[in-house]
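The values are calculated or read from the model by the stated rules, or taken from the named source; none is laboratory data. None of these values were measured; they are calculated from a predicted model. Note: ideal-geometry Cβ built from the backbone for every residue, glycine included; neighbour counts use all protein chains shown.
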Amino acid sequence: MSKRTKTLILALLALVLLVGAFFAVKLLLPEEEVVESSSASTPITLISMEADEIASIEVDRPEGGFTLRNKNGVASIDGLSGLPLDADLMQETISTITTLFAKEVVAENPDNYGVYGLDNPSYTAKVTRTDGTSFTLEFGLESSASYGTYTKLKGSPEVYIIYNSNLTGLRRKTEDFISAEIAATVSEGADFFSIKYSGANYPEPLLIEKHNADEDDDATYSYFTYFTVEPKWRPVDTEVVFTYVDEITQATATDILAGNYTQETLASYGLDEPDTIVEVTFTEQFEEDAVYKYSLSFQDGKVYAICNDVPIIYTLEDADWMHLTYEKALHSLFLLPSIYDIGSVDIDLNGKQYTFEVSGEKSENVVIDGKTIDALAFSKFYQILIGANHDGNYVTDIVPETEALLSITFHYRDGQESDTIRFFEAGPRKNYAEVNGEIEFTMMASFVEAVEEALDVVLAGEVPDPDWKS
């Protein structure tokens, strides 16, 4: 045998040994596992049906369940007849059943259902179809690792795990389906007409109404629309009042305490004699007035409420709209007569009286002591005179101890009774403002100084700056 042949045979033997070693090692190694991420796994369809196939869903839970009935596309909850219900929550519950996915099968035929809490389910959901057939879902323990609940179909051996987020619609009690939206939605065409506060917290009712000053021939408040009617006739700050009205119509409950309550239950929450009663009225052409009446009781830091004739007791978050007062509602301006309604203006200042006679369709003719005053100059001066406004400090039973620092009287062309506003010292940088003999607020003392300076400017034939606060 040649040397070359021997070398070839030895090479072939080495190759055989290497191949054998490779397969021997491979046989010893475990087969490669194929692991799919949970995000890529396909959920198991446990239930798939149409909403109109569902006749009822009965959830039995120790902490309180519910029975939802579904007929001709209209859902209802047993025990809540005549009450406003949350349509979204009912639809969510129906959707839970129409398509219910399981994360996985954890056991196909376990020997011990107690491991999963399914020997004595924590709650059940029986679904009845419109054809009369039914099935029941049984729910056991929760799995913290899977964020789900062990579940099985009654009569079937398999145990599934379902994400808790897919079971939200089945974890409610009857009262949860009562709508937390208390007032019905106000139509776009509705016009806010009035708001009234009464009850134990209001010895004198507070009534605010809409009025047309022009139609009422009220020259005193020509530019106002809403007024306090009770306890006194005063213009109100519409921005404040409208904010309260919006909050009232958008109020939602924090909890539902009782449905179809008894008089005894009402009394237990203090609602037989409410602390505050709030009535808001909206009008709409050709439609009946919409009235929202809230009865409120404040006890132990909570607000209990009922609205209209809906037999539900709610709890609400305490809010500003529940405590509107006369002084909060008033507009900051004391008087706002139109210059076009003025026949003359009397000013008493520093022991002197000045009378401006005003005439002309646009009040363009202004005369004082036989001297014509520039119409523009007087209009700017007039803006200062009607710009007196309170500082929010409400006072009562004030009797001035000094003479008036300034008196302004507006006389009207139509013979309406004149309006007079006078100012008295009220301490450092403050004056009392007396409107037609009554003091209710203080204001900045600089107003009197501003009127005095502007008066000199007008009498000198010049135009004053109407912004007296600058």
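Data overview
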read-out: Single residue of segment 157-175 satisfying the filter (over 17 Å from Ser122 (Cβ atoms) and surrounded by 17 or more Cβ atoms within 10 Å (Cβ to Cβ)) that is modelled with the lowest pLDDT; value: Glu175
read-out: Output for segment 375-400, where each listed residue is touching a strand residue (DSSP E or B) at 6+ places or on another chain (Cβ under 8 Å) and part of a loop (DSSP other than H, G, I, E, B); value: Ile386, Gly387, Ala388, His390, Asp391, Gly392, Asn393, Val395, Thr396, Ile398, Pro400
read-out: First in segment 116-130 and without any contact (Cβ under 8 Å) to a residue 60 or more places away in the chain, second anywhere and part of a strand (DSSP E or B) and small (Gly, Ala, Ser), Cβ under 8 Å, 6 or more apart; value: Tyr116/Ala107; Tyr116/Gly140; Gly117/Gly140; Leu118/Gly140; Pro121/Gly140
read-out: Only listed residue being at pLDDT 90 or above, outside any loop (DSSP other than H, G, I, E, B) and loosely packed, with under 13 Cβ neighbours inside 10 Å, chosen from Asp88, Asp52; value: Asp88
read-out: Checking Val358 against (1) surrounded by 15 or more Cβ atoms within 10 Å (Cβ to Cβ); (2) more than 18 Å from Tyr412 (Cβ to Cβ); (3) aliphatic (A, V, I, L, M); (4) out of contact with any Leu (no Cβ under 6 Å at 6 or more places or on another chain), the condition it does not meet; value: (2)
read-out: Residue count for segment 107-146, restricted to those that are surrounded by fewer than 16 Cβ atoms within 10 Å (Cβ to Cβ) and under 16 Å from Ile44 (Cα atoms); value: 1
read-out: Qualifying position, being among the small types (Gly, Ala, Ser) and either assigned by TED's automatic domain parsing to the domain that holds Tyr221 or under 24 Å from Asp465 (Cβ atoms) (or both), among Ser418, Ser359, Ser407; value: Ser407
read-out: Close pairs (8 angstrom Cβ cut-off, 6 or more residues apart or separate chains): at pLDDT below 90 in segment 252-273, exposed (fewer than 13 other Cβ atoms within 10 Å of the Cβ) and not hydroxyl-bearing (Ser, Thr, Tyr) anywhere; value: Thr254/Glu317; Asn260/Gly82
read-out: Qualifying positions in segment 262-282 - crowded, with 16+ Cβ neighbours inside 10 Å and outside any helix (DSSP H, G or I); value: Tyr269, Gly270, Leu271, Pro274, Asp275, Thr276, Ile277, Val278, Glu279, Val280, Thr281, Phe282
read-out: Checklist (1) on the phi > 0 side of the Ramachandran plot; (2) not assigned by TED's automatic domain parsing to the domain that holds Lys371; (3) not charged (D, E, K, R) applied to Trp468, failing item; value: (1)
read-out: Lone unmet requirement of (1) under 25 Å from Gly392 (Cα atoms); (2) more than 18 Å from the chain's Cα centre (by Cα) for Gln263; value: (1)
read-out: Condition met for Ser379 (polar (S, T, N, Q), touching a helix residue (DSSP H, G or I) at 6+ places or on another chain (Cβ under 9 Å), at pLDDT below 95 and more than 30 Å from Tyr326 (Cα to Cα)); value: no
read-out: Qualifying residue in segment 304-323 (condition: of a type outside the set (Phe, Trp, Tyr), surrounded by fewer than 20 Cβ atoms within 10 Å (Cβ to Cβ), touching a residue at least 24 places away in the same chain (Cβ under 8 Å) and more than 24 Å from Val186 (Cβ to Cβ)); value: no
read-out: Failed condition for Ala75, given (1) outside the structural domain of Ile162 (by TED's automatic domain parsing); (2) modelled with pLDDT of 90 or more; value: (1)
read-out: Selection from segment 421-435 of residues that are surrounded by fewer than 18 Cβ atoms within 10 Å (Cβ to Cβ) and either modelled with pLDDT of 95 or more or assigned to a strand (DSSP E or B) (or both); value: Glu425, Lys430
read-out: Unique match (being of a type in the set (A, V, I, L, M, F, W, C), under 17 Å from Ser56 (Cα atoms) and in the same structural domain as Phe101 (by TED's automatic domain parsing)) among Phe135, Phe139; value: Phe135
